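The values are calculated or read from the model by the stated rules, or taken from the named source; none is laboratory data. On a predicted model such as this, the values are computed, not experimentally measured, just so you know. Every residue, glycine as well, gets a Cβ built from its backbone with ideal geometry; the counts of neighbours run over all protein chains shown.
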Amino acid sequence: MGARRILVPAEMTGRELARRRVALGLLTALPLTFYATSAHHSDHAVVTGGIAMAFSIAGASIFAALTARPVDERLVLAGYRPRELLLGRLVLLELFGLVVSALFSVVMVLGTGPSDAWALVAGVVLVAVTSVPFGLAVGARAPHELEGVLVLILVVGIQLSLESTQTIAKLLPFWGPQRLLQHSIDPTVAIGAAIPVNLGYALVLLAVCAYTMRRRAPSPPQPAWLTPRG
């Protein structure tokens, strides 16, 4: 697995994100708006803004996964392995997620002044780390962009409507960040196993994406000497 084989899908993903810069800008502005509208009268705004950040990063991952399908088929036929394509895409999208999470962290630390700023930063970064595998898994399974975006809205919407102590919330992909963000404004909220549980969740989502890509990948052409003669 050479570095170039990782850089090619990463570069393709970067071009796709640049092409959709207006949509990504709107997806980033949406959670910032959620935060801004409640920041002055509710400390809970950091939880809303942090979890809603998934719209930006997971949305970008869904778009990248869906638009790359026909290109992935040609690259596999050219000798690339599905895991190389996935790794290149993952690296670029995680870098994008870290940039977005840095922006959100600065805005929310300065805007809210949480009692534990590091917990807030950790929660926002964990949203970014989880959003990419979540978006790639949804993009790998969804037939079209509309269905993928609807799944994203459904999952994030349910997570935002629940308290982190509820059982259903613990089964959703952003429970760990939700716990960290709540701890940042209320130190009595225990973090517990939030971080390892969420990292495990992200690995499972990544495995789902890898499995789907491997199943969908066409078989590379066989050498002529292996092709049976009629």
Task: Selected residue [over 22 Å from Ser105 (Cβ atoms) and crowded, with 22+ Cβ neighbours inside 10 Å] from Ala169, Ala140 - done: Ala140
Open item on the list: So, in region 102-137, exactly how many residues are buried (at least 24 other Cβ atoms within 10 Å of the Cβ) and either free of Cβ contacts under 8 Å to residues at least 60 places away in the same chain or among the polar types (S, T, N, Q) (or both)?
Closed with: 2
Open item on the list: I'd like to know if region 56-63 contains one or more residues that are crowded, with 22+ Cβ neighbours inside 10 Å, on the phi < 0 side of the Ramachandran plot and polar (S, T, N, Q).
Closed with: yes
Open item on the list: Tell me whether region 128-144 contains one or more residues that are more than 12 Å from the chain's Cα centre (by Cα), among the aliphatic types (A, V, I, L, M), modelled with pLDDT under 95 and within 19 Å of Thr28 (Cβ to Cβ).
Closed with: no
Open item on the list: Among the residues of region 126-184, what is the count of those that are over 30 Å from Ala217 (Cα atoms) and small (Gly, Ala, Ser)?
Closed with: 6
Open item on the list: Here's a check for you: in region 1-43, which residue that is in contact with a helix residue (DSSP H, G or I) (Cβ under 7 Å, 6 or more places away or on another chain) and outside any helix (DSSP H, G or I) is surrounded by the fewest Cβ atoms within 10 Å (Cβ to Cβ)?
Closed with: Met1
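Per-residue answers, yes or no, for (1) farther than 30 Å from Glu73 by Cα; (2) assigned to a helix (DSSP H, G or I); (3) of a type in the set (D, E, K, R):
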site: Leu95; (1), (2), (3): no, yes, no
site: Ser115; (1), (2), (3): yes, no, no
site: Ala119; (1), (2), (3): yes, yes, no
site: Val129; (1), (2), (3): no, yes, no
site: Pro173; (1), (2), (3): no, no, no
site: Gly192; (1), (2), (3): yes, no, no
